[in-house]
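Asks: Here you go, one structure.
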Amino acid sequence: MSAHVAHHFDDATQQAHSATLGMWLFLATEVLFFGGMFLGYAQYRYLYPHAFAEGSHHLDVVLGTINTGILLASSLSVAMAIHGAQLGHRKTLIRLLVVTIVLGIAFLGIKAYEYWHKYQEHLVPGRRFDPHVPAGEAAPPPEMELFFSFYFTMTAVHALHMVIGIGVMIALVVMASRHRFSAEYYTPVEMSGLYWHFVDIVWVFLFPLLYLVG
Amino acid sequence: MSEKIVPPKTYYLVFGALLVLLMLTVAAAEIPNAALATTAAVTIAVTKALLIILFFMHVRYSSGVTMVFAAGGFLWLAIMFAFTTSDYLTRGERPFEHEQPPVTATTDTQGEMQP
């Protein structure tokens, strides 16, 4: 029996299978964690469609689209990194993990720029919330602040998941460079990939629901 | 590990499809009918999520038990959405009809409030 199989498993396949099940169970809790916020968003958008559309118009669709593309590309690089791991190509694995990390940091950089812009425009909910109203135009509905509460909460929790994901990817690079993985054993790479893809899926829903209303 | 190795071509095709769907969702935002636009946006997002789950996350090639685990979270999410939404959608008039607000504040006073 290989050295990487723990004593309570019959073989490597059974060990990998239980890791996959455990990871999906964790992801199910994540689905419900984010799901609660999406549910709140859905009900309040139903109550205040005009305010949500107005708030959405303040977001930069171009930056949002670029960031979605970046995350989709990072999912591809993770998938290809796992492919490299399956073939036992250590260099390919490390290179693609680094690509993923760079893409993840690029996403967070654009996100930070957007946050800074919203701060400048007084669109952060709270006492400083004071959207600019062009002369001759009607003031936005007061519930627009609610839209921005959802925007900041959901994107910040998502960004936190990105930060954790980047940390995990860095750990994988260190492990890979220490020859910890082989074509027979790469479970940590595969499980981290599942997490990364899940965070990508959350953004796939956040993008149209926040940036593309009305 | 005796897991099936997916050919890279599959990953590239899925990535291409995801980018096409991304363009489609940006275009769908121009649909004038709000209900239709939202339906299109959510349908495209679900399609993208399914592509990622089935191919990138290997669920298509996984055992039946893994598929059940993967579907489980979304099933409970659907139940939560169904029950909550059935409440809000059947309350008759929207309780806080604040839409198209009466413009009470004039642009002058708004202008003075600006720093």
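Asks: Do you know which residues across the stretch A:84-118 are under 14 Å from A:Leu72 (Cα atoms) and out of contact with any helix residue (DSSP H, G or I) (no Cβ under 7 Å at 6 or more places or on another chain)?
Replies: Matches in the stretch A:84-118: A:Val102 only.
Asks: Now for a different question. Pick out the one residue from A:Phe26, A:Phe33, A:Phe9 that is under 16 Å from B:Ala78 (Cβ atoms) and more than 7 Å from chain B (Cβ to nearest Cβ).
Replies: Just one listed residue meets the conditions, A:Phe33.
Asks: I'm trying to understand the selection: among the residues of the stretch A:37-71, which are facing another protein chain (nearest Cβ under 8 Å), over 15 Å from the mean Cα position of the chain (by Cα) and not hydrophobic (A, V, I, L, M, F, W, C)?
Replies: A:Gln43, A:Tyr46, A:Tyr48, A:Pro49, A:His50
Asks: Looking at this structure, is A:Ser74 surrounded by fewer than 16 Cβ atoms within 10 Å (Cβ to Cβ), more than 9 Å from chain B (Cβ to nearest Cβ) and part of a helix (DSSP H, G or I)?
Replies: Considered against the rule, which asks whether it is surrounded by fewer than 16 Cβ atoms within 10 Å (Cβ to Cβ), more than 9 Å from chain B (Cβ to nearest Cβ) and part of a helix (DSSP H, G or I), A:Ser74 comes out as no.
Asks: Of the residues that sit in the stretch A:66-80 and are touching a residue at least 40 places away in the same chain (Cβ under 8 Å) and among the polar types (S, T, N, Q), which one is farthest from A:Ala106 (Cα to Cα)?
Replies: Among those that are touching a residue at least 40 places away in the same chain (Cβ under 8 Å) and among the polar types (S, T, N, Q), it is A:Ser75.
Asks: Within the stretch A:45-52, is there a residue that is surrounded by fewer than 16 Cβ atoms within 10 Å (Cβ to Cβ), touching a residue at least 40 places away in the same chain (Cβ under 8 Å) and assigned to a helix (DSSP H, G or I)?
Replies: no
Asks: List the number of the failed condition for A:Val213; all other conditions in (1) in a helix (DSSP H, G or I); (2) buried (at least 21 other Cβ atoms within 10 Å of the Cβ); (3) touching a residue at least 40 places away in the same chain (Cβ under 8 Å) hold.
Replies: (1)
Rule-based calculations on the coordinates, nothing more; no lab input. None of the values given here were measured: they were computed from a predicted structure. Cβ atoms come from the backbone with ideal geometry, glycine included; neighbour counts cover every protein chain shown.
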